[in-house]
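S.K.: Dropping a structure here in structure tokens format, bear with me for questions.
The values are calculated or read from the model by the stated rules, or taken from the named source; none is laboratory data. None of these values were measured; they are calculated from a predicted model. Don't worry about glycine lacking a Cβ; one is built from the backbone with ideal geometry, like all the others, and counts go over all protein chains shown.
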């Protein structure tokens, strides 16, 4: 059965049981919830965003949801995938993160002009445990396709976290740094700007580049 993914923004009264009522309507119309986020849940109004795979037009679903006593309004909106697309996550030392971002943003702009939707997120972090926690959290981020680790020294718990997220299908690119993280990554790149460029190329549908075809997985 052919389905289309839609975005749905519901404005409701705050309180327990609201999400249950909303999801019940979606289920009755055969909708498959692929993502849900409670944007705000406090008086005087809550807002909940759904992404739903739906085989039919959304009019009947929206009409029934609007009739719920707790609902103040429902809007069909464009999905985050259509607006922001795939996400590149860059984390590590501030200076290196900035340089990787220069390459990633410049390359993403080139592909987005040609119809792609690729966004770039950055977070400067220091410390083994904060970085390991952040690496593990990337696979919980919607639409995250690649992680670039930008720093001068990473290993220990961070290496273990890298191996875990790679096993879940996340592409991990590392700068050529001290520590054991480069040995755990899919690709190691010396130049931070080039690392950002290659991260975008690896996830872009308008590029003809795959990490698997590189010999040695290192770029100097």
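S.K.: Identify, please: which residue in the range 103-123 is out of contact with any helix residue (DSSP H, G or I) (no Cβ under 8 Å at 6 or more places or on another chain) and part of a helix (DSSP H, G or I) and is, among those, surrounded by the fewest Cβ atoms within 10 Å (Cβ to Cβ)? Steps first, answer last, please.
M.R.: Going residue by residue through the range 103-123, those that are out of contact with any helix residue (DSSP H, G or I) (no Cβ under 8 Å at 6 or more places or on another chain) are 109-110, 112-115, 121.
Restricting the remaining residues to those that are part of a helix (DSSP H, G or I) gives 109-110, 112-113.
Working: 109: 13, 110: 16, 112: 17, 113: 9.
Once the filter is applied, the top-ranked residue is 113.
S.K.: Here is a list: 172, 162, 188. Which entry is modelled with pLDDT of 95 or more, touching a strand residue (DSSP E or B) at 6+ places or on another chain (Cβ under 6 Å), farther than 15 Å from residue 89 by Cα and surrounded by 20 or more Cβ atoms within 10 Å (Cβ to Cβ)? Don't jump to the end; show me each part of the working.
M.R.: Working: 172 fails: farther than 15 Å from residue 89 by Cα; 162 fails: farther than 15 Å from residue 89 by Cα.
Exactly one residue qualifies, and that residue is 188.
S.K.: From 45, 37, grab the single residue that is more than 24 Å from residue 143 (Cβ to Cβ), loosely packed, with under 14 Cβ neighbours inside 10 Å and in contact with a strand residue (DSSP E or B) (Cβ under 9 Å, 6 or more places away or on another chain). Outline the logic, then answer.
M.R.: Working: 37 fails: more than 24 Å from residue 143 (Cβ to Cβ).
Sole residue among the options that is more than 24 Å from residue 143 (Cβ to Cβ), loosely packed, with under 14 Cβ neighbours inside 10 Å and in contact with a strand residue (DSSP E or B) (Cβ under 9 Å, 6 or more places away or on another chain): 45.
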